[in-house]
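J.: Got a structure for you, questions after.
The values are calculated or read from the model by the stated rules, or taken from the named source; none is laboratory data. What you see is a predicted model; the values in this text were computed from it and never measured. Cβ atoms come from the backbone with ideal geometry, glycine included; neighbour counts cover every protein chain shown. Calculation scope for accessible area: heavy atoms of the full protein, side chains included, ligands and nucleic acids excluded. Shrake-Rupley method; radii C 1.70, N 1.55, O 1.52, S 1.80 Å.
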2 protein chains.
Amino acid sequence: MIQTDICIVGAGPVGLFAVFETGLLEMRCHLIDALPQVGGQLSELYPQKPIYDIPGHPSVLAGDLIRNLEAQIAPFKPTFTLGERVEQLLPQADGRFRLETNRGTVVEAKAVVIAGGLGSFEPRKPALEGLEAFEQKGVEYMVRDPEVYRGKRVVIAGGGDSALDWAMYLSELAAELHLIHRRDEFRGAPDSGKKVFDLAEAGKLHLHLSAQLVRLEGGDELERVVITDRNKEEVAIEADALIPLFGLSPKLGPIADWGLDLDKRQIKVDVETFETSLPGVYAIGDINTYPGKLKLILCGFHEAAMMAHSVVKRVRPDRKSTTMKYTTVTGISGF
Amino acid sequence: MIQTDICIVGAGPVGLFAVFETGLLEMRCHLIDALPQVGGQLSELYPQKPIYDIPGHPSVLAGDLIRNLEAQIAPFKPTFTLGERVEQLLPQADGRFRLETNRGTVVEAKAVVIAGGLGSFEPRKPALEGLEAFEQKGVEYMVRDPEVYRGKRVVIAGGGDSALDWAMYLSELAAELHLIHRRDEFRGAPDSGKKVFDLAEAGKLHLHLSAQLVRLEGGDELERVVITDRNKEEVAIEADALIPLFGLSPKLGPIADWGLDLDKRQIKVDVETFETSLPGVYAIGDINTYPGKLKLILCGFHEAAMMAHSVVKRVRPDRKSTTMKYTTVTGISGF
């Protein structure tokens, strides 16, 4: 079991900076993130893209911002559990909290800071009855290993870049490739759309436009994808695999079951302390909400500072001064 | 007369960053600052000192942070009036504001953002009756040009670094140098204190410890400084100059007379909009107060973003979207 002052759920930019602000007040942090590396969306989705609205950085690559934050918090020696998702948050009789991950890691902390960003990203699923019965039995929401589909009859659904890119790629491997899209135009890059039309004309894939998924048929495994064509007539496609690629949707995940007051999918916080409805549990960054809330990284940084000045009273009730000194005067004292 | 969307009073780091956040929503800014350059305290008091608590900067020299902010706001072409102090803030019948400086510059704006930091720095004065009658007639609160004191009889009062440093320096120029301090130990650097004691032993200056200023005497000009010594007995020192060096104290200055709700010397603001009690006038950074307020630069940056999302409704009521887009997606559009 890992013992710490503060367990931070989420190691994106705001979770990382919370280590700095709490570290200035001599509190230790352990961070848990479902992703295999720190940085949240910035590392996972756009490490090579510039950000322009971090104060004092006219332009900074998302990946560089994360590296700078890692250097900034290094004096406070945070510890990490990466690639695991916190499933349970259990308040203990002595006022502490016990957190358990999906892989059985247990952390005990005096306070919890949820910096979970937009939550975990989960695939948007089509509204098809009995869909879940075929998951991992032919239905997948992302292509992990394209070789799995070599020689198979594959149906892809969707009209964005992901659907177009995989349709092009798998049309070379699959025995038969169908692309189903509910409109006549694609949302993805025009160039990709053109290539897909060319492949369809060349007979390399079967294009079904203004079409809809209707139902799935099969026994233990998926055998058939039934769609309606542009004339609303049913067409049954013999298929080994269906890959709906309708994008990723952020989900709160297990956090939704921790008994915190929510507003839509955000955690409500006090605007002075950034504490949630559960005393000792704080929420900062994109995952929280309060009147006027802006989902900006810089606002999450501010919230981290405000939170630190509140949580110190719980974690270090003996501490005389909880006022932040100007670091210009005092410097940084690591531990 | 200068016409603008927003007049920002104070060109420190938070005032500068407010140009960026309002610029993203297509509002133009004019900034006024009493100092001759932008950057506030960071440029004036400690440009060469490192700051450690700006997120994403493990360490940044105060002067470099200001230069980065200047580069960051350049696309929005802010205009400046420097070296002038805003004296008057006059709400107009049409909802606009007229601002007048001590040098007669007039700015008319749709909204005003006060980012005045700790206010203007003014010397702490001793509580002596009739003190002001001798100001500029022997009494000065800072040493502008030490040569003025060559061959003069000078009394310095104070026990901090400034008093010690100038006592050492002026003991070489002055005909006679007295240092008055109310305690037996100095507050300044121990090494400086030791040098001052050595100078006193060598007869280069007259040290009066556990002593108090009592009154000033003279005609048109200062002639005599009367003190009490450690036995509470009066001693009259013939003197051409008295330099009380009791430190600088931040003052709100004319802002105190603009009819805004204050709490001590800070301007009260709404925590969602950062608007003051006077609609259309906002306050951000160290000059404002709200429950839990932290005087950190990064909190001022957050307040600038929140303010921008409120002020846009007044400045651009026709604008459809006031939501900030992620700059990573949209980039920065200057004007």
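J.: Roughly how far apart, in whole Å, are the Cα centres of the range A:37-68 and the range B:133-166?
T.: 52
J.: If I histogram all Cα-Cα distances within the range A:125-246 using bins 10 Å wide from 0, what percent of pairs lands in each bin?
T.: The calculated distribution, bin by bin, is 14, 50, 32, 3.
J.: Compactness ratio of the range B:95-163: Cα Rg over 2.2 N^0.38 Å, N = residue count?
T.: Working: Rg = 18.9 Å, N = 69, 2.2 N^0.38 = 11.0 Å.
Dividing the Cα radius of gyration by 2.2 N^0.38 Å gives 1.72.
J.: If you put a point 7 Å past Cα along the Cβ direction, how far is that point for B:ILE2 from the same point in each other copy, in nm, smallest first?
T.: 5.2
J.: On to the next question. What residue among B:PHE134, B:PHE301, B:PHE17 has the largest mean-square fluctuation in a Gaussian network model of chain B, using Cα springs under 10 Å?
T.: Its mean-square fluctuation being the largest, the pick is B:PHE134.
J.: Report for the protein assembly as shown the percent antiparallel among DSSP-assigned beta bridges with both residues inside it, nearest 5.
T.: Numbers: 60 of 128 bridges.
Around 45 percent antiparallel, to the nearest 5.
J.: Another one. Counting only protein heavy atoms and a 1.4 Å probe, tell me what percentage of the range A:73-226's accessible area is made up of carbon and sulfur.
T.: Numbers: 3690 of 8050 Å².
So the carbon and sulfur contribution to the accessible surface is 46 percent.
J.: Relative to a virtual label point 7 Å from the Cα of A:LYS313 in the Cα→beta-carbon direction, which members of the range A:275-292 show backbone nitrogen distances below 14 Å?
T.: A:275-276, A:279-281
J.: Something else now. So what's the net charge close to B:MET307: Lys and Arg +1, Asp and Glu -1, counting the other residues with Cβ under 12 Å from its Cβ?
T.: Values: positive: B:LYS313, B:ARG314; negative: B:GLU21, B:ASP270, B:GLU272, B:GLU275, B:GLU303.
Taking every Cβ under 12 Å from that of B:MET307, the sum is -3.
J.: Let me ask something else. Just read off the accessible area of A:ASP257 with the full protein assembly in place, 1.4 Å probe, to the nearest 10 Å².
T.: 130
J.: What residues have an amide H closer than 5 Å to that of A:TYR282, excluding those fewer than 5 places away on the same chain, when H is modeled at 1.01 Å from N in the peptide plane?
T.: A:VAL112, A:VAL113, A:ILE114, A:THR276
J.: Taking the simple approach of a point 7 Å from Cα along Cα-to-Cβ for both A:GLU129 and B:LYS137, what is their distance in nm?
T.: Once both label points are built, they end up 10.1 nm from each other.
J.: On average over all directions, what projected area in square nanometres does the protein assembly as shown have, based on the convex hull of its Cα atoms? Working shown, then result.
T.: Numbers: hull surface 156.1 nm².
The number I arrive at for the protein assembly as shown is 39.0 nm².
J.: Work out the charge dipole of the range B:125-246 with +1 on the Cβ of Lys and Arg and -1 on the Cβ of Asp and Glu about the Cα centre, then indicate which of B:ASN231, B:HIS206, B:ALA167 is farthest towards its positive end.
T.: Positive-most Cα among the choices belongs to B:ASN231.
J.: Among A:HIS309, A:HIS57, A:HIS208, which one shows the biggest mean-square fluctuation in a GNM of chain A, springs joining Cα atoms closer than 10 Å?
T.: Residue with maximal mean-square fluctuation among A:HIS309, A:HIS57, A:HIS208: A:HIS57.
J.: Then there's this: So what are the ³J(HN,Hα) numbers for the range B:161-177, from phi and the Karplus equation (6.51, -1.76, 1.60; θ = phi - 60°), rounded to whole Hz, Gly and Pro as x?
T.: Taking θ as phi minus 60°, the curve returns 4, 5, 4, 5, 4, 6, 4, 4, 5, 6, 4, 7, 9, 6, 5, 8, 10 Hz for the range B:161-177.
J.: How many nm is it between the label spots at B:TYR46 and A:ASP184, if each spot is 7 Å from the Cα in line with the beta carbon?
T.: That separation, rounded to one decimal, is 6.7 nm.
J.: Take peptide B:295-306, look around each residue's Cβ out to 10 angstrom, count Cβ atoms belonging to other protein chains, and average those counts.
T.: On the way: counts 3, 9, 3, 9, 5, 2, 9, 11, 2, 2, 7, 6.
The mean count of partner-chain Cβ atoms within 10 Å per residue comes to 6.
J.: Using the heavy atoms of the protein chains and a 1.4 angstrom probe, tell me the accessible area per residue for chain B in square angstrom. Write down the numbers at each step before the final one.
T.: Details: 15310 Å² over 335 residues.
With the other protein chains kept in place, chain B gives 46 Å² per residue.
J.: Now a separate question. Which one, B:GLY285, B:GLY130, B:GLY119, has the greatest fluctuation when you compute a Gaussian network model over chain B with C-alpha springs under 10 angstrom?
T.: With Cα springs under 10 Å in chain B, the top fluctuation among B:GLY285, B:GLY130, B:GLY119 is at B:GLY130.
J.: Report the antiparallel proportion of the DSSP beta bridges in the range A:1-106 as a percent, rounded to a multiple of 5.
T.: The answer is about 55 percent antiparallel.
J.: Order these peptides, B:22-30, A:197-205, by their mean beta-carbon neighbour count within 10 angstrom, highest first. Please list the in-between numbers first.
T.: Working: B:22-30: 22.0, A:197-205: 14.1.
Output ranking for B:22-30, A:197-205: B:22-30, A:197-205.
J.: Same structure again: Summing both sides, how much accessible area is buried between B and A? Use a 1.4 Å probe and give Å² to the nearest 100.
T.: Numbers: alone 17010 and 17010 Å², together 30610 Å².
Approximately 3400 Å², summed over both chains.
J.: Which entries in the list A:LYS77/A:LYS293; A:LYS49/A:LYS77; A:LYS77/A:LYS251; A:LYS268/B:LYS264; A:LYS110/A:LYS268 go over 26 Å, if you measure between the two C-alpha atoms of each? Show your work: numbers first, answer last.
T.: Working: A:LYS77/A:LYS293 31 Å; A:LYS49/A:LYS77 28 Å; A:LYS77/A:LYS251 30 Å; A:LYS268/B:LYS264 31 Å; A:LYS110/A:LYS268 21 Å.
Going by Cα-Cα distance, A:LYS77/A:LYS293; A:LYS49/A:LYS77; A:LYS77/A:LYS251; A:LYS268/B:LYS264 fall outside the 26 Å limit.
J.: Can you work out the base-10 log of I(q)/I(0) for chain B at q = 0.07 1/Å, using the Debye formula on its C-alpha atoms alone?
T.: Each listed q corresponds, in turn, to -0.39.
J.: How about the range B:49-131: which GluC sites (Glu not before Pro) there are in a DSSP loop, with at most 15 other Cβ atoms within 10 Å of their Cβ?
T.: Values: sites: B:GLU70, B:GLU84, B:GLU87, B:GLU100, B:GLU108, B:GLU129; in loops: B:GLU84, B:GLU129.
Listed in order of number, the matching sites are B:GLU129.
J.: Let me ask another. Loop-only trypsin sites (Lys or Arg not before Pro) in the range B:71-116, please: DSSP not H, G, I, E or B, and at most 12 other Cβ atoms within 10 Å.
T.: Working: sites: B:ARG85, B:ARG96, B:ARG98, B:ARG103, B:LYS110; in loops: B:ARG85, B:ARG96, B:ARG103.
Loop-located and lightly packed - B:ARG103.
J.: Given a Förster distance of 22 angstrom, what is the FRET efficiency for A:ASP198 paired with A:GLU172, based on the Cβ-Cβ distance and rounded to 0.05? Numbers along the way, then the final one.
T.: Working: r = 14 Å, r/R0 = 0.62.
The computed FRET efficiency comes out at 0.95.
J.: Could you tell me the number of lysine pairs in the range A:125-246 with C-alpha atoms less than 24 Å from each other, where the two lysines are 8 or more residues apart or belong to different chains?
T.: Numbers: A:LYS125/A:LYS137; A:LYS125/A:LYS152; A:LYS125/A:LYS232; A:LYS137/A:LYS152; A:LYS152/A:LYS195; A:LYS152/A:LYS204; A:LYS194/A:LYS204; A:LYS195/A:LYS204.
Number of lysine pairs found: 8.
J.: To continue, here is another question. Measuring from the axis that superposes chain A on chain B, report the chain A residue with the minimal C-beta distance, rounded to whole Å.
T.: For chain A, the closest residue to the axis carrying it onto B is A:HIS302, 2.
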